[in-house]
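The block underneath contains the structure these notes are about, expressed in structure tokens.
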Amino acid sequence: MVDFQNRVASTSPLALGYNVTTFTRTAIDSPALAAAEKRLDARYVRIPIGMRGGRVTSGASGGPITLDGPSLIRWYQERGTRVLVVLAGATNDVDVRTGDVARLLRMMSSAGVDLHKLEISSPNEPNNQKLTLEESIALATRCSDEARQVVPGKRLWGPAWTWYNRNALRKFASAMGDRLDGIDFHHYAMGVTSLPTAEALAQTPTWGKEISEVRQDLKALSLPDRVSASELNFSWRFEDGTPPDGKNRRFFTAVNTVWCASVVGHILMAGGSAAVYGNQNGALGVFTEDPAASPMPAFLGLAAWTGAGFFSHFGDAFFEVHNAAPPNIEAFAVSNVAGGRNVVLINKSEMEDAVVDFSVVGLSPRSVAVWQSSPEMPTLPPRRLAGGSLRETRLPRMSVTTVVIS
């Protein structure tokens, strides 16, 4: 049963998106990628930006210094997308030269970027660059000082930690104090070693638990309880040792769709933000890197929440679900931006289909539409099932279904 009278958590339509890697094409130089990103309708992007070669450009390690950073940011801002810029150094993630943050922000402002709407983050993965926590805090503080020269009172996200470490995140937040806009960290399901599919899928609630823990710590410090898993994916590399040949080909299957949809649900319901890495990133991408920028299986995992133009994007409230379904079935009930409700149903089983019935309280449905991913063809758009109903909805193995109630 879904109780739409009992709101259990708050979220935002701007809480879900992806990292713009900048390594290949971007929305300002690829009409196909621009159209694909518009279609998906994810409303949060995270972009690495730095001062390189005297210009505001890609801050990604090895990224192109020809990218027009302000134009890319404006493209997203003009569409109402929430943009988080990750400050980068001159040659790597952390070697930010004195004065560069202030210079970068002034140049972006002159180029038409709305700095008041723009969110900024301290440099990416400082612990991966061998910086200590204390050095990371000092770097973030210097970036904050320079940002406030341009935008008084501007706050920073951080520390963009390479993995979840509650103690480090708490210490960073405490040290930053009123400079802090939010805490973010990265969490990939695997990469150092490969996990079996069932184990990886069983761990998806962990992301929500981590978000909740950090929010509790921020509240205890009387700081904004904004938290983001700002890089996430099924693995942080394709060649991660997955049998039989060491390559994680599950990126190209419905496993990735199901994993992505589940992790997103747990993060959003915990009140956090989620950003897949990244929009184009080889096997790890939301879109292919070829000129067509076609959907990858992760696209379908995000589309279960955004609607991707097929149905209404999720809204700002989660509702109570009394789940009597089999253990491999997850259910999330959320408002949508059209004033209706979406119920996202995820079948994590590798072998068994399921059939679910559910009733609703606090809502008199005028119409019901059921949209479903395909386990066999995980890059096809979700298809609308005939005869949409709350009764006897079949959930194929490794599938994601969104029931849209008007």
Out of the total accessible area of the stretch 1-122 (probe 1.4 Å, heavy atoms of protein only), what percent is carbon and sulfur?
49
Heavy-atom accessible area per residue - the stretch 237-335, 1.4 Å, Å²:
29
Under 26 Å Cα-Cα from LYS247, which lysines qualify once same-chain neighbours fewer than 8 residues away are excluded?
LYS348
Filter the cross-link list LYS117/LYS209; LYS171/LYS209; LYS154/LYS219; LYS38/LYS209; LYS130/LYS171 down to pairs whose alpha-carbon distance in this structure exceeds 27 Å.
LYS117/LYS209; LYS38/LYS209
Over what distance in Å are the Cα centres of the stretch 190-269 and the stretch 330-400 separated?
22
State to the nearest 20 debye the size of the charge dipole of the stretch 269-406 about its Cα centre, where the only charges are +1 on K and R beta carbons and -1 on D and E beta carbons.
380
Comparing THR253, THR98, THR26, which has the greatest mean-square fluctuation in the GNM of the chain with Cα pairs linked when under 10 Å apart?
THR98
Global geometry of the stretch 76-129, whether rounded, prolate or oblate, following the gyration tensor of its Cα atoms and the 1.5 cut on a/c:
oblate
Hey, how much of the P(r) for the stretch 106-212 falls beyond 18 Å, as a percent of Cα pairs?
55
Looking at the chain as a GNM with Cα springs under 10 Å, which of SER389, SER374, SER273 has the largest mean-square fluctuation?
SER389
Listed peptides 340-349, 362-371 by packing density, highest first (mean Cβ within 10 Å)
340-349, 362-371
Please say if the stretch 46-107 is rounded, prolate or oblate, where rounded means a/c under 1.5 for a ≥ b ≥ c the square roots of the C-alpha gyration tensor eigenvalues, and otherwise the choice is prolate for a/b larger than b/c and oblate otherwise?
prolate
Leaving out ligands, DNA and RNA, and with a 1.4 Å probe, what % of the accessible surface on the stretch 295-406 is carbon or sulfur?
49
What size of dipole, in debye to the nearest 20, comes out for the chain about its Cα centre when the only charges are +1 on Lys and Arg C-beta atoms and -1 on Asp and Glu C-beta atoms?
760
Based on DSSP, what percent of beta bridges with both residues in the chain are antiparallel, to the nearest 5?
50
Putting +1 on Lys and Arg Cβ atoms and -1 on Asp and Glu Cβ atoms, find which of SER212, THR98, HIS266 reaches farthest to the positive end of the dipole of the chain.
THR98
Sequence-separation-based contact order of the chain, relative, with Cα cut under 8 Å and 6+ spacing, percent
18
When all alpha-carbon pairs of the stretch 254-406 are counted, what percent fall beyond 20 Å?
46
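The values are calculated or read from the model by the stated rules, or taken from the named source; none is laboratory data. Keep in mind the model is a prediction, meaning the values are calculated, not measured. A quick note on method: Cβ atoms are made from the backbone with ideal geometry, for glycine too, and the neighbour counts reach across all protein chains shown. The protein model used for the area step is the full one, side chains on, heavy atoms only, and it has no ligands, DNA or RNA in it. Shrake-Rupley method; radii C 1.70, N 1.55, O 1.52, S 1.80 Å.
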